[in-house]
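Novice: Attaching a single structure in structure tokens format; questions to follow.
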Amino acid sequence: MNDAAPNAAPQTFYLKDYKPFGYEVESVKLTFQLSPNATKVHSAIRFTPKADAEDNRFFLHGEQLSLISAKIDGTPVTARLVDGGLECDVPRTSFLWEAEVEIDPAANTALEGLYMSNGMYCTQCEAEGFRKITYYPDRPDVMSTFTVRIEGDEPVMLSNGNPTGAGEGWAEWHDPWPKPAYLFALVAGDLVNHPGSFTTKSGKDVELNIWVRPGDEGKCAFGMEALKKSMKWDEDVYGLEYDLDLFNIVAVDDFNMGAMENKGLNIFNSSCVLASPETSTDANFERIEAIIAHEYFHNWTGNRITCRDWFQLCLKEGLTVFRDAQFTADMRSEPVKRIEDVIALRARQFPEDGGPLAHPPRPEEFQEINNFYTATVYEKGAEVIGMLKRLVGDDNYYKALNLYFERHDGQACTIEDWLKVFEDATGRDLSQFKLWYSQAGTPRVKVTEDYADGTYTLTFEQSTPPTPGQPEKAPRVIPMAVGLLSPNGDEAMSTKILEISQEKQSFEFQCTVEGWRLKDCEGPERISGAPHSKPVPSILREFSAPVILERETTNSERAFLLAHDTDPFNRWEAGNALAKEVRVAMVLDGAAPDAAYLDALEKLVRDDEQDPAFRALVLSPPSQSDIAQTLHERGHTPDPQKIYDAAETFTQTLAQQLETSLPRLYAATTVEGPYVPDADGAGKRALNGRILSLLTRLDGGEQAARQYASADNMTQQYAALAALMKAEKGEAQSKAFFEQWQDDRLVMDKWFALQIACAAPEATAATAKELTQHPLFSMKNPNRFRAVMGALAGNHAGFHHASGAGYQLLAENLIALDSVNPQTTARMCAAFQTWKRYDSERQAQIQAELERILATSGLSRDTHEMVSRMLSA
Ligand code: BES
Ligand code: ZN
């Protein structure tokens with residue numbers, strides 16, 4: 001079922017049009033009579049007109065509902081069904097609205113509203129899914145208390161809040177916290193629970209449960225521990241306590257997103273909660289810990305304080321991503337988490353910001369809000385908070401956050417409210433800083449240096465290229481973390497935050513008896529004319545702002561920073577920049593892999609003093625799409641096949657260079673003993689996996705085959721399989737893997753994806769196509785669809801193969817998926833967003849595919865918006 005009439009002119013919503021709803025919703029009572037194809041929902045809602053309302057129209061959202069009856073204060077009324085909902089004449093005083101509707105959960109493949117997954121009922125209401133359950137003012141600024149009665153024969157029937165009664169065939173729930181409808185949830189099915197408990201800092205006992213399908217009980221323990229750690233961490237770091245007696249998590253197999261923070265009843269994609277050593281990799285464990293934390297943290301940043309409207313989405317998502325990143329940094333390694341996040345930001349957000357889909361963290365218009373759960377809203381939204389914290393300092397940050405919770409608890413807020421607490425807590429004017437919320441595009445910061453008479457000067461020039469609808473950009477406030485190193489490798493000035501606010505700005509440093517300091521700052525006395533040599537700058541430490549740094553520097557300076565920088569992020573960054581330079585030279589000039597760089601890598605890999613996780617990161621090449629992006633930024637047209645060839649040559653040369661040390665390194669980094677999914681072990685296994693993949697290029701796959709045969713955990717089994725398949729030596733193991741895991745949906749997703757990820761460029765589309773014909777492929781399960789089509793889009797040289805077969809296959813499958821699941825279709829369309837990077841032939845091929853999608857009759861509003869934006873920019 002599609003949300004829009006066939007290709008009807010789509011409606012656009014604007015931030016500037018915000019108007020409060022004309023009625024208070026005092027209370028909501030819902031009764032569900034569950035039945036797969038004909039569920040009845042009875043609602044009883046008390047409305048009170050607002051005395052000061054500028055608009056008294058009584059409009060309730062509703063989509064795909066069959067209205068059976070409506071009453072006001074017990075008397076039947078006739079409502080007018082209008083586009084997207086209903087209108088009704090209502091009294092001028094408080095009244096009780098009652099409606100009965102029928103819905104069809106079993107036919108709901110869009111997975112929004114009430115739907116069925118493996119025979120189990122579940123809901124997904126964010127952002128605008130509640131209107132598919134009953135008629136309601138489905139907007140986040142309408143908050144109310146919910147009482148829910150569920151009637152049905154499911155063994156377990158859950159909703160938000162606390163249970164208030166249950167009997168044969170029914171269960172009742174009450175949530176005392178007023179909430180917007182998007183946080184409503186209902187789950188019913190044959191479920192078993194993994195129980196736990198937590199005592200809050202004020203001594204309240206909270207019952208915890210993870211509900212799963214029978215058979216999955218053994219995959220809950222890790223998630224439960226993650227939940228307890230999250231609850232404790234939020235108390236310790238933010239002083240925030242949980243506010244109900246019960247916290248439920250449910251795992252469902254068919255889910256569009258990762259997880260959802262419904263009040264007291266979080267619903268998770270099973271891939272984001274179920275974990276066991278045998279079936280999950282280290283990366284899975286880390287992600288599960290983070291996402292459980294994320295959804296739990298929403299209880300305060302999202303649920304208690306929610307968004308006034310969906311334009312403010314980053315108010316809850318940016319902040320909660322920022323908080324879950326802090327949590328992961330505390331639980332694991334701070335620098336490793338930062339490096340991983342920056343890699344992800346560059347891979348997902350920078351292309352968005354530099355392409356046709358560019359929008360600011362707080363967009364000002366949309367057609368379908370589901371299309372704005374983006375890397376910009378989430379990851380850039382979190383970066384903006386990180387900048388704010390750097391600018392005001394830690395103490396002020398927590399002071400402002402305390403004020404935020406105190407002032408806005410129970411409210412639906414805006415970015416203005418958020419910035420105001422920082423202004424009030426610190427006395428700082430944030431009007432220029434606010435541009436980060438309204439301007440799209442990644443700023444470029446050009447850095448030049450000057451050294452004369454003992455004074456060292458850094459000059460920064462910022463500019464942001466135009467983005468769709470925003471031709472001109474104003475200079476922003478950029479916190480630039482800078483340190484200086486002496487040529488001997490000592491830190492000569494520890495990290496300072498330089499505040500850039502102008503288009504062009506210089507900062508002077510002087511040498512003192514104790515090293516370097518900012519001119520005109522308090523500090524040790526300056527030595528004039530002292531024989532200091534020019535320091536080496538370490539700029540944008542910790543990646544202190546989401547910008548692209550442009551600076552002319554040498555590979556030897558990069559190698560120096562890779563060896564000596566005291567900031568771990570910038571040490572990695574230097575290695576990463578070097579790796580990119582080497583690749584770019586290989587692609588553009590056919591150069592051989594740079595010998596000095598290979599030597600530096602070898603030295604680092606063999607240095608057992610260094611953190612294995614860090615060594616693994618330095619050893620991980622920049623992605624091919626990142627190289628394409630870099631070439632594009634420098635005015636070249638990337639050739640995906642050449643980029644692929646350079647990557648292959650480089651890795652093969654590196655393997656040969658390391659040949660004699662690989663067996664020793666492999667042995668030294670192998671983690672013995674029972675598998676524990678902790679950060680230390682994960683770091684070692686990551687390095688071990690990198691080494692195995694290099695070794696497999698040289699030993700014909702012997703070691704990898706041994707590891708595959710003996711592995712007792714998925715991390716090592718998968719690493720061995722990946723190494724073998726990449727070397728085209730994994731056919732037997734791939735078969736064995738299938739035999740072993742064919743009944744485990746989540747492991748099978750890995751099997752589907754890996755074959756496509758490892759395929760050679762010319763074979764990628766064919767491999768993916770064949771897998772879409774596999775009996776276990778399904779359009780109805782988003783995880784499976786993403787495993788195949790996401791892997792296709794993620795295989796850079798394969799997706800962009802000159803034949804155009806990759807583009808064609810993706811387009812065909814998106815067209816087929818659109819009528820099943822518009823939300824997932826629209827999100828996956830973004831695979832085409834970088835299309836203007838490539839040569840005219842590829843552009844023509846992609847354009848034809850995009851036009852083919854757009855011409856599909858009955859195309860969803862979701863996909864229509866995404867494709868038109870990509871075509872029109
Ligand atoms: N509120 C979202 C889930 C959501 C997004 C529901 C869009 C409906 C539409 C949830 O808190 C979330 O952000 N989940 C992320 C994972 C998180 C760790 C960033 C997700 O599902 O990917
Ligand atoms: Zn979230």
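Novice: Just give me the residues in segment 74-100 being within 17 Å of E26 (Cβ to Cβ) and in contact with a Leu (Cβ under 9 Å, 6 or more places away or on another chain), in sequence order. Quick ask: steps written out before the conclusion?
Specialist: Filtering segment 74-100 for residues within 17 Å of E26 (Cβ to Cβ) gives 74, 90-99.
Answer for segment 74-100, where residues must be within 17 Å of E26 (Cβ to Cβ) and in contact with a Leu (Cβ under 9 Å, 6 or more places away or on another chain): G74, W97, A99.
Novice: Got a sec? Which of F285, F327 is more than 14 Å from ligand 2 (Cβ to nearest atom), in a helix (DSSP H, G or I) and open to solvent by less than 10 Å² (accessible area, probe 1.4 Å)?
Specialist: It is F285.
Novice: Considering each residue of segment 225-261, count those that are free of Cβ contacts under 8 Å to residues at least 60 places away in the same chain, within 16 Å of ligand 2 (Cβ to nearest atom) and over 15 Å from I210 (Cα atoms), and give that number.
Specialist: Here is the first cut: in segment 225-261, the ones free of Cβ contacts under 8 Å to residues at least 60 places away in the same chain are 225, 228, 232, 235-236, 241-242, 247, 249, 251, 258-259.
Filter once more, so that each one left must be within 16 Å of ligand 2 (Cβ to nearest atom): 249, 258-259.
So of that shortlist, the ones also over 15 Å from I210 (Cα atoms) come out as 258.
The qualifying residues number 1.
Novice: Then there is this: Mind listing whichever residues of segment 164-181 are of a type in the set (A, V, I, L, M) and either over 36 Å from the mean Cα position of the chain (by Cα) or under 19 Å from D409 (Cβ atoms) (or both)? Give the steps one after another, and end with the answer.
Specialist: Within segment 164-181, the subset of a type in the set (A, V, I, L, M) is 166, 171, 181.
Scanning segment 164-181 gives a single hit, A166.
Novice: Moving on to the next point. Output the qualifying pairs, or none if there are none: Cβ atoms under 8 angstrom, residues six or more apart or on different chains, first residue in segment 208-222 and modelled with pLDDT of 95 or more, second residue in a helix (DSSP H, G or I) and of a type in the set (S, T, N, Q).
Specialist: Once the first residue is modelled with pLDDT of 95 or more and sits in segment 208-222, its partners that are in a helix (DSSP H, G or I) and of a type in the set (S, T, N, Q) give V212/S270; D216/S270.
Novice: Considering only residues that are open to solvent by 10 Å² or more (accessible area, probe 1.4 Å) and either in contact with a Cys (Cβ under 7 Å, 6 or more places away or on another chain) or in contact (Cβ under 8 Å) with a residue 12 or more places away in the chain (or both), which ones fall in segment 810-831?
Specialist: N813, I815, A816, S819, V820, Q823, R827, M828, A830, A831
Novice: Check whether at least one residue in segment 545-553 is outside any strand (DSSP E or B), β-branched (V, I, T) and in contact with a Phe, Trp or Tyr (Cβ under 9 Å, 6 or more places away or on another chain), and report yes or no.
Specialist: no
Novice: Among the residues of segment 744-759, is any in contact with a helix residue (DSSP H, G or I) (Cβ under 7 Å, 6 or more places away or on another chain) and surrounded by fewer than 18 Cβ atoms within 10 Å (Cβ to Cβ)?
Specialist: The answer is no, given that none of the residues of segment 744-759 is in contact with a helix residue (DSSP H, G or I) (Cβ under 7 Å, 6 or more places away or on another chain) and surrounded by fewer than 18 Cβ atoms within 10 Å (Cβ to Cβ).
Novice: A further question follows. Please tell me if E278 is away from ligand 1 (no atom under 14 Å from the Cβ), in contact (Cβ under 8 Å) with a residue 24 or more places away in the chain and in a loop (DSSP other than H, G, I, E, B).
Specialist: So E278 fits the description; yes.
Novice: Going residue by residue through segment 590-597, is there one that turns out to be crowded, with 17+ Cβ neighbours inside 10 Å and hydrophobic (A, V, I, L, M, F, W, C)?
Specialist: no
Novice: Looking only at segment 548-563, count every residue that is of a type in the set (D, E, K, R) and open to solvent by less than 10 Å² (accessible area, probe 1.4 Å) and tell me the total.
Specialist: 0
Novice: How do the pairs read when you match residues in segment 158-171 that are closer than 15 Å to N248 by Cβ and in contact (Cβ under 8 Å) with a residue 24 or more places away in the chain with residues anywhere that are open to solvent by less than 20 Å² (accessible area, probe 1.4 Å) and among the aromatic types (F, W, Y), using Cβ under 6 Å and keeping only pairs 6 or more apart or on different chains?
Specialist: S159/W173; G161/W173; P163/W173
Novice: Can you pull out the residues in segment 684-707 that are open to solvent by 30 Å² or more (accessible area, probe 1.4 Å) and without any contact (Cβ under 8 Å) to a residue 60 or more places away in the chain? Show your work before the answer.
Specialist: Here is the first cut: in segment 684-707, the residues open to solvent by 30 Å² or more (accessible area, probe 1.4 Å) are 684, 686, 690, 693, 697-700, 702-703, 705-706.
S693, R697, L698, D699, G700, E702, Q703, A705, R706 - these are the residues of segment 684-707 that are open to solvent by 30 Å² or more (accessible area, probe 1.4 Å) and without any contact (Cβ under 8 Å) to a residue 60 or more places away in the chain.
Novice: Shifting gears a bit: Any idea which residue in segment 137-160 is surrounded by the fewest Cβ atoms within 10 Å (Cβ to Cβ), counting only those that are closer than 10 Å to V187 by Cα and of a type in the set (V, I, T)? Give the steps one after another, and end with the answer.
Specialist: First, pick out the residues of segment 137-160 that are closer than 10 Å to V187 by Cα: 150, 154, 156-160.
Adding the requirement that they be of a type in the set (V, I, T) leaves 150, 156.
On the way: I150: 23, V156: 17.
Restricting to residues being closer than 10 Å to V187 by Cα and of a type in the set (V, I, T), the top hit is V156.
Novice: Pick out the one residue from A727, A763 that is of a type in the set (A, V, I, L, M, F, W, C), surrounded by fewer than 19 Cβ atoms within 10 Å (Cβ to Cβ), within 30 Å of W835 (Cα to Cα) and in contact with a Ser or Thr (Cβ under 7 Å, 6 or more places away or on another chain).
Specialist: Values: A763 fails: in contact with a Ser or Thr (Cβ under 7 Å, 6 or more places away or on another chain).
It is A727.
Novice: Please determine whether any residue of segment 373-380 is aliphatic (A, V, I, L, M), within 16 Å of ligand 2 (Cβ to nearest atom) and modelled with pLDDT of 95 or more.
Specialist: Yes, segment 373-380 has at least one match.
Novice: Which of the numbered conditions does T834 fail, given that it passes all the others? Conditions: (1) crowded, with 21+ Cβ neighbours inside 10 Å; (2) in contact with a Phe, Trp or Tyr (Cβ under 9 Å, 6 or more places away or on another chain).
Specialist: The failed condition is (2).
Novice: Can I ask one more? Can you name every one of the strands (runs of 3 or more DSSP E) wholly within segment 55-126 that holds 1 or more residues which are free of Cβ contacts under 8 Å to residues at least 40 places away in the same chain and within 30 Å of K780 (Cβ to Cβ)? Don't jump to the end; show me each part of the working.
Specialist: On the way: elements: 59-61, 66-72, 80-82, 85-87, 95-103, 113-117, 120-124.
Ranges flagged: 66-72, 80-82.
Novice: List pairs: first in segment 665-677 and more than 18 Å from E602 (Cα to Cα), second part of a loop (DSSP other than H, G, I, E, B) and modelled with pLDDT of 95 or more, Cβ under 6 Å, 6+ apart or cross-chain?
Specialist: Y675/P277; Y675/N713
Novice: Related question: For the condition over 25 Å from V384 (Cβ atoms), touching a Pro at 6+ places or on another chain (Cβ under 6 Å), open to solvent by less than 20 Å² (accessible area, probe 1.4 Å) and not hydroxyl-bearing (S, T, Y), what is the one hit in A579, A545, A574? Let's see the steps before the verdict.
Specialist: Working: A545 fails: over 25 Å from V384 (Cβ atoms); A574 fails: touching a Pro at 6+ places or on another chain (Cβ under 6 Å).
Within the list A579, A545, A574, the selection yields A579.
Novice: If the requirement is being surrounded by fewer than 22 Cβ atoms within 10 Å (Cβ to Cβ), touching a strand residue (DSSP E or B) at 6+ places or on another chain (Cβ under 7 Å), touching a residue at least 60 places away in the same chain (Cβ under 8 Å) and among the hydroxyl-bearing types (S, T, Y), which of these qualifies: T566, T649, T637, T653?
Specialist: None of the others qualify; the one that does is T566.
Here's the yes/no breakdown for (1) assigned to a helix (DSSP H, G or I); (2) within 23 Å of L313 (Cβ to Cβ); (3) open to solvent by 60 Å² or more (accessible area, probe 1.4 Å); (4) out of contact with any His (no Cβ under 7 Å at 6 or more places or on another chain):
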position	(1), (2), (3), (4)
G381	yes, yes, no, yes
A400	yes, yes, no, yes
K420	yes, yes, yes, yes
D429	no, no, yes, yes
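Novice: If I ask for residues that are open to solvent by 10 Å² or more (accessible area, probe 1.4 Å), more than 14 Å from ligand 1 (Cβ to nearest atom) and among the small types (G, A, S), which ones from segment 218-270 would you list?
Specialist: Answer for segment 218-270, where residues must be open to solvent by 10 Å² or more (accessible area, probe 1.4 Å), more than 14 Å from ligand 1 (Cβ to nearest atom) and among the small types (G, A, S): G218, A221, G239.
Novice: Do we have any residue at all in segment 354-365 that's assigned to a helix (DSSP H, G or I) and touching a residue at least 24 places away in the same chain (Cβ under 8 Å)?
Specialist: Taking segment 354-365 and keeping what is assigned to a helix (DSSP H, G or I), we get none.
No; the residues of segment 354-365 include none that is assigned to a helix (DSSP H, G or I) and touching a residue at least 24 places away in the same chain (Cβ under 8 Å).
Novice: Criterion first (among the aliphatic types (A, V, I, L, M) and either open to solvent by 20 Å² or more (accessible area, probe 1.4 Å) or in a loop (DSSP other than H, G, I, E, B) (or both)) does A719 satisfy it? Even if it seems obvious, please write down each step before you answer.
Specialist: Details: among the aliphatic types (A, V, I, L, M): yes; either open to solvent by 20 Å² or more (accessible area, probe 1.4 Å) or in a loop (DSSP other than H, G, I, E, B) (or both): yes.
Yes; evaluated as a whole, the condition is true for this residue.
Novice: Which of the residues belonging to segment 345-363 are touching a Gly at 6+ places or on another chain (Cβ under 9 Å) and either open to solvent by 20 Å² or more (accessible area, probe 1.4 Å) or among the basic types (K, R) (or both)?
Specialist: Start the filter on segment 345-363 by keeping residues that are touching a Gly at 6+ places or on another chain (Cβ under 9 Å), which leaves 353-354, 358-362.
G354, R362 - these are the residues of segment 345-363 that are touching a Gly at 6+ places or on another chain (Cβ under 9 Å) and either open to solvent by 20 Å² or more (accessible area, probe 1.4 Å) or among the basic types (K, R) (or both).
Novice: Let me ask another. Which members of segment 41-88 meet the condition of being among the hydroxyl-bearing types (S, T, Y) and either within 17 Å of R139 (Cα to Cα) or surrounded by 15 or more Cβ atoms within 10 Å (Cβ to Cβ) (or both)? Talk me through it step by step, then tell me what you get.
Specialist: Of segment 41-88, the ones among the hydroxyl-bearing types (S, T, Y) are 43, 48, 66, 69, 75, 78.
Within segment 41-88, S43, T48 meet the criteria.
The values are calculated or read from the model by the stated rules, or taken from the named source; none is laboratory data. Note that the structure is a prediction, hence the values are computed from the model and not measured. Counting neighbours? That spans all protein chains shown, and the Cβs are built from the backbone with ideal geometry, glycine included. In case anyone asks, the SASA skips ligands and DNA or RNA and just uses the protein heavy atoms, side chains included. Shrake-Rupley method; radii C 1.70, N 1.55, O 1.52, S 1.80 Å.
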